[in-house]
Amino acid sequence: MLNLFLSWVKKLAMAATACMVTVASAIVLTGCPAGGEHKKKNAGKANVLINIDSASLINYLAYLSSAKMAGRETGTPGNQLARDYIVNVFDSLQIGKVSNTYLQSFPVGNDGHQGNNIIGLIKGHQFENNYIVITAHYDHLGTRNGNIYYGADDNASGTAALLAMARYFKQYPPKHSILFVAFDAEEKGLLGSKYFITHAPVPISAMAANVNMDMVSRNDSNEIYASGTRHYPFLKKYVDSIRPYSPVNVLFGHDGEKAGMHDWTNQSDHFPFHQNQIPYLYFGVEDHADYHRPGDTFDKVNKSFYYRVCTMITGVASLLDRPDILQ
Ligand SMILES: [Zn+2]
């Protein structure tokens, strides 16, 4: 296993140079996503250089999708192990909190069971009271009839990406505050994200945008969707600015735009944000043969695709934080 990791890390490190995303200013910003606080005087040439830590990313994914987690079903010991791990990573990265704990507990069902969202905060150095909310659910389906549903793609991949992005933005401090929220109980009906929105730790009017990741690590055609732009067309330009520099094909859709295409608007944790008029971008791949099956395992993740996707999403998030460099 270790050898496999090392060889991936080496390959990814070699690929990293090619995957750096440089975005030169190109587009005029008219619809400021962060409540109009931005001043055009800062507009001008600037670059966003994205280089996320591939070794950490893959290690996060390997651990969260391991048999030890037993499928991470809400309310199980495996789910708690995943939660402890995420909290430890936040702690070791010195990610901030919105209260005295990273955890936000909420009821699941009527029999006293609880779920736990995990909320980290990096305060913005310029627009502290405006928030970009980066989200991914960490729960999955657990173990059924003795079979572990590992959920490597769904959604250890989004969770590990969220941790890698927290690491990145800790290193490259954002202008806006960023909330990193690992949701629980998505698989039970978006329970964590619904609770988060109705018990928001910051005013929802201060949430500029939600970037949600759910299944971001597997696709045979090198494709991923940035869904939600039919509802929020102004977000298209952030993705379009990254696309020419991204070695993955980023497609729009699954938001009701094209007839016959499954509408993902209410299919993951971005939905409660959308219901509250908070603009969202949802990143996810098309369903694959192992979707919600025990075969959704770490070994089937396409690691270089996954790394490229995470780099691209981090680039989009960086632009959301820096709309002044779009012109
Ligand atoms: Zn999912």
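The values are calculated or read from the model by the stated rules, or taken from the named source; none is laboratory data. Worth saying up front: this structure is predicted, and the values here are computed from it rather than measured. With ideal geometry, Cβ positions are generated from the backbone for all residues, glycine too; neighbour counts draw on all protein chains shown.
Checking the structure you have, find out if any residue of region 119-132 is within 16 Å of the ligand (Cβ to nearest atom) and surrounded by 24 or more Cβ atoms within 10 Å (Cβ to Cβ). No, that holds for no residue.
Any residue that is at negative phi, away from the ligand (no atom under 16 Å from the Cβ), part of a strand (DSSP E or B) and touching a residue at least 12 places away in the same chain (Cβ under 8 Å) - is there at least one of those in region 85-98? Checked against the condition, which is being at negative phi, away from the ligand (no atom under 16 Å from the Cβ), part of a strand (DSSP E or B) and touching a residue at least 12 places away in the same chain (Cβ under 8 Å), region 85-98 yields at least one hit.
Checking each residue in region 225-261 for being away from the ligand (no atom under 16 Å from the Cβ), in a strand (DSSP E or B) and among the small types (Gly, Ala, Ser) picks out only 226. Taken residue by residue, region 139-153 has no member that is within 25 Å of residue 278 (Cβ to Cβ), within 16 Å of the ligand (Cβ to nearest atom) and either touching a His at 6+ places or on another chain (Cβ under 8 Å) or assigned to a strand (DSSP E or B) (or both). Picking from residues in region 104-143 that are touching a residue at least 40 places away in the same chain (Cβ under 8 Å) and charged (D, E, K, R), the one that is nearest to residue 291 (Cα to Cα) is 139. Does residue 294 satisfy the condition of being in contact with a strand residue (DSSP E or B) (Cβ under 7 Å, 6 or more places away or on another chain), more than 13 Å from the ligand (Cβ to nearest atom), farther than 27 Å from residue 318 by Cβ and not small (Gly, Ala, Ser)? So residue 294 fits the description; yes. When restricted to residues that are assigned to a strand (DSSP E or B) and either more than 16 Å from the ligand (Cβ to nearest atom) or without any contact (Cβ under 8 Å) to a residue 60 or more places away in the chain (or both), region 156-183 contains 5.
Would you say residue 222 is away from the ligand (no atom under 16 Å from the Cβ), in contact (Cβ under 8 Å) with a residue 60 or more places away in the chain and within 17 Å of residue 98 (Cα to Cα)?
Working: away from the ligand (no atom under 16 Å from the Cβ): yes; in contact (Cβ under 8 Å) with a residue 60 or more places away in the chain: yes; within 17 Å of residue 98 (Cα to Cα): no.
Here the answer is no, as residue 222 does not meet what is asked.
When the residues of region 225-267 are narrowed to those that are without any contact (Cβ under 8 Å) to a residue 60 or more places away in the chain and among the β-branched types (Val, Ile, Thr), which ends up surrounded by the most Cβ atoms within 10 Å (Cβ to Cβ)? If we take residues in region 225-267 being without any contact (Cβ under 8 Å) to a residue 60 or more places away in the chain and among the β-branched types (Val, Ile, Thr), then 229 is surrounded by the most Cβ atoms within 10 Å (Cβ to Cβ). Would you confirm whether or not region 202-209 contains a residue that is touching a residue at least 40 places away in the same chain (Cβ under 8 Å), surrounded by fewer than 22 Cβ atoms within 10 Å (Cβ to Cβ) and β-branched (Val, Ile, Thr)? Among the residues of region 202-209, at least one is touching a residue at least 40 places away in the same chain (Cβ under 8 Å), surrounded by fewer than 22 Cβ atoms within 10 Å (Cβ to Cβ) and β-branched (Val, Ile, Thr), which makes the answer yes.
Give the number of residues within region 107-129 that are assigned to a loop (DSSP other than H, G, I, E, B), charged (D, E, K, R) and either under 17 Å from residue 200 (Cα atoms) or modelled with pLDDT of 95 or more (or both).
1
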